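Report on one structure; see the data block that follows.
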Amino acid sequence: MSIRNRLGEFRKSVGPAISEFRFILHRVKQSPLSIFGSAIVVFFIVLALLAPILAPPMPGRDPYMVLRRGEKEGDPDYNQTPQPPVEGYPFGTTQGQYDLWYGCIWGTQTAFRVGIYVVVVSLIIGIAIGALAGYYGGVLDELMMRFTDIVLAFPGLLLAMAFFLAMPTRFTLFTLGGLNLTVNVTALDKVLIALIIVGWPSYTRVIRGEIMRIKTEDYVEAAKASGCSDFRLMIRHVLPNTVFPILIMASLDIGAIVLTAAALGFLGIGAQAGYADWGQMIALSRNWIVIEPGNPFKYWWVYNIPGVFIFTFVLGWNLLGDAFRDVLDPMIRRK
Amino acid sequence: MIAVKNLLSIEDLVVRFYTYEGVVEALDGVNLNLREGETLGVVGETGCGKSVTSLSVLLLVPPPGVIERGKVRFVDESGAVNLLEQDEAYLRSMRGRDISMIFQEPRAFLNPVYTVKDQISEVLMLHRREELCQRALQAIERDMESGKANVFAPLEKAFFTTMFNDPESDLVGFLLKIPIVRRLNRRLDKEIRGEIVRLLKEMGMPDPERIMNMYPHELSGGMAQRVVIAMALACGPKLLIADEPTTNLDVTVQLQILNLVRELKQKFKSSIVYVTHDLGVVAELCERVAVMYAGNVVELANVMEIFKKPLHPYTRALLESIPRPGHEFKSIEGTVPSLINPPKGCRFNDRCSNAVEKCLREKPRLVEVEKEHFVQCHLYPGGS
Amino acid sequence: MGLAAYIIRRLLLVVPTLIGVSLLVFAVSQMVDVNIRAMLYVTNEKMLDRIDWVISKYGLNDPFYLQYGRWLGEVLKGNLGWSKGPGANSPVWEALITRIPATFEITLFSAPVIILLGIYLGVQSAVHRDKIIDHITRTVSIIGWSLPSFWLGILLLSVFFGLLPWFPPRRLGSAAETFVNSRNFVKYTGLYTIDGLLNGKAWISIDALRHLVLPIIVLTTIQIALIVRVMRSSMLEALGKGYIVTAKAKGLSKDKVINKHARRNALIPVITLSGLLVAGMMNGLVITETVFAFPGIGNFAAQAAIQVDLPAVLGFALFSGIIFVFANLFVDILYAYIDPRIRLG
């Protein structure tokens, strides 16, 4: 088959998907909420990209380790009591004099990393398992779904907590003869792994459902009848049309994942001490949530500023995902 | 048009659907009329607008559809009214009582979580409440006189009197929710049940008491459609609009339902608008036929006339395309035009073998070419 | 198949799921390095020196299935391990049991609020689709869903406890706390709102309620989005169905059509969701109880995590998993009961 033929064929099978995409874009543009959501996400992307400029790191040091007050000048302050915002430290400092401005700005990058890594890997696992289960059905499907259900039986936060606590920091992946492959994981990596383990089942269910729905549609039957192999069928015809529910789930999930990571941080489960992560900033603030009647806002900056960052970030993604979801619903009915 | 004892007449009805892809000119000035006691068939291909027309009578066209202009004249107790100009309260009193409608897939059009009895009694209580309450009242009074009543009788009497006088009474509605108080409703319930059994028997249902307590999904297609018809006829409507009621049923069941409709027709002298795409059904049931194409009524005549002497090219082509043994299979060339940007002039012009230049420019009007035979085509110029 | 047969079949399915749940919890515990696991058995210094002996004594290097079998045996006897952390040196099971009433009380009061308010808002949103009320409801619920629960809790406490002395943290004020633990108070249910009334001491109930307000607000704000969203889309779907047209054609008023016909059908998926929501409230409770220093099992789990008390966390995870499985079961049966199609289909 010539290239042109292949392209034509490809375009034909994704044709319906493309026109649907245009429709979605049109509807999304109409909603002020989704525009607002997109604006927020774009803002954070810009913030993340500008981190080295907004909060210059110290040369020769891992930029993700938050600088303490005075560290750049060579005289780090280790005072445990957080200090309010002053000149040069617009967000103040947390316990141990970590610069909150630095932590929050670079934390934006971490938030994106955490969100995207976890979503992408969960998605891959979810697609692999869900597609197999949905497409082949039968016993394979039953087994996989039972397994998925079991993981889903646990409240996500709890399971993530348990995994994090149980996970060793040195993994021996395998031992072959005299060779063994050991990996060291950092605390942040453990969080990512824990979130992935907790996150993949939701994707699996959705994808399986979509595949089962599409499996019976005419163009799939036609392709099969013309001798298309299973794998090709899956990649070329089935998957492109399941893209939309996945898009929705993924964008909503990024928000949920960052929230869960922050909640874990609040519980002291999270990135290593001093890491530029919003959850870490929250963890450092835990001892300073002093709410005395009469003076409740004594250390307001340690938890409110990271709180605003987390809230706004999650809100942006949620607005976006919700707009997508709302458009998809009536579209399905329109068919 | 001669309006001799017309029960329903639709004049120049225009309906548009405002969708994402564009404005769909669904009905382009539909004209038809129905006389009392007659069955009018409305035929056409899928998408010709016959369903929209039938929905428009009761103003049940769903959004994004809008009835732009036109008249729907209906003769009720007080005389002829234009339904399109009436307010919601009036329309509600009419629906289910003076004009009833039945639809295609009966099990989709019955609420799956309520029993047959619940759904039929709903329409009975809506429109025949006074009559039923009165009967219940009379039953109590009879019992009280003959001494058969129990101690609750006066309470029941008060209950029904309130319901009779003030049907929307909140107190009654609230009290009815309490299980114990519901016992007071016993007699009314009995009346209702009796009425429903009578209706279902009329429909030829073998075991009305059992069917009453069933849920829609437990019924077969034919039984469900009978329930739907029973529900529609429960309050004795003057006009029944049937929107393809047998299309989704088995052929044998179709026959049963058609027979039922025929029986009911004879018994009650009903006036029916029967929407279908099946010319065979039309031949069986209808006295007059309206043929629709792309949002217009193109021909309107007696059923005999239509079959023997079809005037409109579309009608002719339609009749010719009916498969007959021994004859070659003929279909109509071309496809139905998109109604988002409909062709100017006559909407059949691109498929019509008789099309002339005028057909591309000017839309023809529905004129009476012969007695009681109306055609919308430039081949038959006529006065109005 | 009748309802009874359906229930039995569903009950049977519970068993393999429970086994799976226990396997997963056990597998997680096995992830821990064997030496660290051995530490849990160490009770004196001498044992510290002879870790290998501890390992072999408790069979910590035995094949997976052997260890699982032993562990399962213990669990079925009610032994979920020992908590050195927040359980303050007590069996995990005991620590959980003492804290359940508090969590149950929060759930008892917040679940109806979330569900009923969610249903109401969802219906309004669907009926007035794309109008102001729809936009406002959806925006507010998305905002609620996006709020970090600890942040919301802290903010509310700052304002309503720090600034205004209205809603304090913890479960009871100090006066009430002393009273309920004294001999003059009988804890019939363990729920102070009810026990207060049963003991004839209304002020205890009122005090308990006062302490419940903020946690309930936090939980509702965060969780309501889910119910609203599902109710809305379920309602929109129901409103597009054929029987709605029939209902209108019968002459029913718009209200009746919405409430009597559409809503009944739309509620079905929401009811099942509500069951799962209640079970899933664990997530929110862990943080919320911690922020408000509410002595429930969520707080317990949080403290266990902070103090790296693995037996406690795992015990809690197992407990939640079991609750979820049974909640699922309950919801499935409820669903079959409500939707005649499932029941008789």
For residue C:224, indicate whether it is over 30 Å from residue B:62 (Cα atoms), within 11 Å of chain A (Cβ to nearest Cβ) and of a type in the set (A, V, I, L, M).
-> no
All positions within region C:290-316 that are within 7 Å of chain A (Cβ to nearest Cβ) and more than 22 Å from residue C:148 (Cβ to Cβ) = C:308, C:310, C:314
Is one or more of the residues making up region C:118-126 within 18 Å of the chain's Cα centre (by Cα), part of a helix (DSSP H, G or I), more than 13 Å from every other protein chain (Cβ to nearest Cβ) and without any contact (Cβ under 8 Å) to a residue 12 or more places away in the chain?
-> no
Just for region B:46-67: of the residues that are more than 14 Å from every other protein chain (Cβ to nearest Cβ) and loosely packed, with under 15 Cβ neighbours inside 10 Å, which one is modelled with the highest pLDDT?
-> B:66
Matching residues in region B:255-280 - criterion: being part of a helix (DSSP H, G or I) and farther than 19 Å from residue B:233 by Cβ = B:255, B:279, B:280
Are any residues in region C:260-270 more than 7 Å from chain B (Cβ to nearest Cβ) and without any contact (Cβ under 8 Å) to a residue 40 or more places away in the chain, and if so, which ones?
-> C:260, C:262, C:269
Conditions (1) within 14 Å of another protein chain (Cβ to nearest Cβ); (2) surrounded by fewer than 18 Cβ atoms within 10 Å (Cβ to Cβ) -> residue C:229 fails only (2)
Residues that are of a type in the set (Phe, Trp, Tyr) and either surrounded by 21 or more Cβ atoms within 10 Å (Cβ to Cβ) or at the interface with chain A (Cβ under 7 Å from one of its Cβ atoms) (or both), drawn from region C:142-164 = C:145, C:150, C:151, C:161
Which numbered condition residue B:78 fails, given (1) farther than 27 Å from residue B:162 by Cβ; (2) under 19 Å from the mean Cα position of the chain (by Cα); (3) not hydrophobic (A, V, I, L, M, F, W, C) = (2)
Evaluate region A:271-283: report whether one residue or more is more than 8 Å from chain C (Cβ to nearest Cβ) and modelled with pLDDT under 75.
-> no
Residues located in region B:208-224, provided they are of a type outside the set (D, E, K, R), within 12 Å of chain C (Cβ to nearest Cβ) and assigned to a helix (DSSP H, G or I) | B:216, B:217, B:224
Write out, first by first residue and then by second, each pair whose Cβ atoms fall under 6 Å of each other, whose residues are 6+ apart or on separate chains, and whose first residue, in region C:319-340, is in contact (Cβ under 8 Å) with a residue 12 or more places away in the chain and more than 14 Å from chain B (Cβ to nearest Cβ) while the second is of a type in the set (D, E, K, R) and surrounded by 16 or more Cβ atoms within 10 Å (Cβ to Cβ).
-> none
All but one of (1) at pLDDT 85 or above; (2) over 22 Å from residue A:322 (Cα atoms); (3) buried (at least 24 other Cβ atoms within 10 Å of the Cβ) hold for residue C:266; which doesn't?
-> (2)
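The values are calculated or read from the model by the stated rules, or taken from the named source; none is laboratory data. All figures in this text were calculated on a predicted structure; none of them were measured in a lab. Note that each Cβ is placed from the backbone with ideal geometry, even for glycine, and that neighbours are counted across all protein chains shown.
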